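Shown next, in structure tokens, is the structure this report addresses.
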Amino acid sequence: MSIVSKNLKKIRNAKGLSQRGLAEKANVSYTYINRIEREVYENPSFELLNKLAKALEVPVEVLYREDNNKELSLLEILQGIYENTPDMKETIVGQLVKGLIENDLMNPDGTIPPQVDKQVKNLIIEASRLQATSKSLKKGE
């Protein structure tokens, strides 16, 4: 079972939601949630995962974590976002990462100096949420 499908099902069950209940709360298709959990859809979009995370009232990065008892490294967050965002080079997150590297706040290998680690992680997470929101707004135009 993929990490995303396993975590989605685990968190959904922990919150006492059925697949249909989560679908209604997230305003997405029940069938789509069912197919993610059954791994028919192996790489759901970040936009969809963001909607599901909001409905589950958890940070979206929790859906990517292999071990939800430990904090994700920045590299793990970026890998999860990159794998689920086909047009990464054009995203807000991609632009942010490029700027962080150019300003020596992030190393090219994805590591962050300890003194700015938490702030940079939070900034990237918020940028990814903004990206998902902007895509939703564009689709609604």
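Structure summary
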{"item": "Residue within segment 62-72 that is in contact with a helix residue (DSSP H, G or I) (Cβ under 6 Å, 6 or more places away or on another chain), outside any helix (DSSP H, G or I), of a type in the set (A, V, I, L, M) and modelled with pLDDT under 70 present", "result": "yes"}
{"item": "Flag if residue 53 is touching a Pro at 6+ places or on another chain (Cβ under 9 Å) and either modelled with pLDDT of 80 or more or in the same structural domain as residue 117 (by TED's automatic domain parsing) (or both)", "result": "yes"}
{"item": "Test: residue in segment 9-19 that is touching a residue at least 24 places away in the same chain (Cβ under 8 Å), touching a Lys or Arg at 6+ places or on another chain (Cβ under 9 Å) and not in a loop (DSSP other than H, G, I, E, B)", "result": "no"}
{"item": "Residue match in segment 6-17 (condition: under 21 Å from residue 124 (Cβ atoms) and surrounded by 14 or more Cβ atoms within 10 Å (Cβ to Cβ))", "result": "yes"}
{"item": "Residue count, segment 20-57 (criterion: among the charged types (D, E, K, R), under 15 Å from the mean Cα position of the chain (by Cα) and not in a helix (DSSP H, G or I))", "result": "2"}
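The values are calculated or read from the model by the stated rules, or taken from the named source; none is laboratory data. What you see is a predicted model, and the numbers here were worked out from it, not measured in a lab. Cβ: placed from backbone, ideal geometry, glycine included. Neighbour counts: every protein chain shown.
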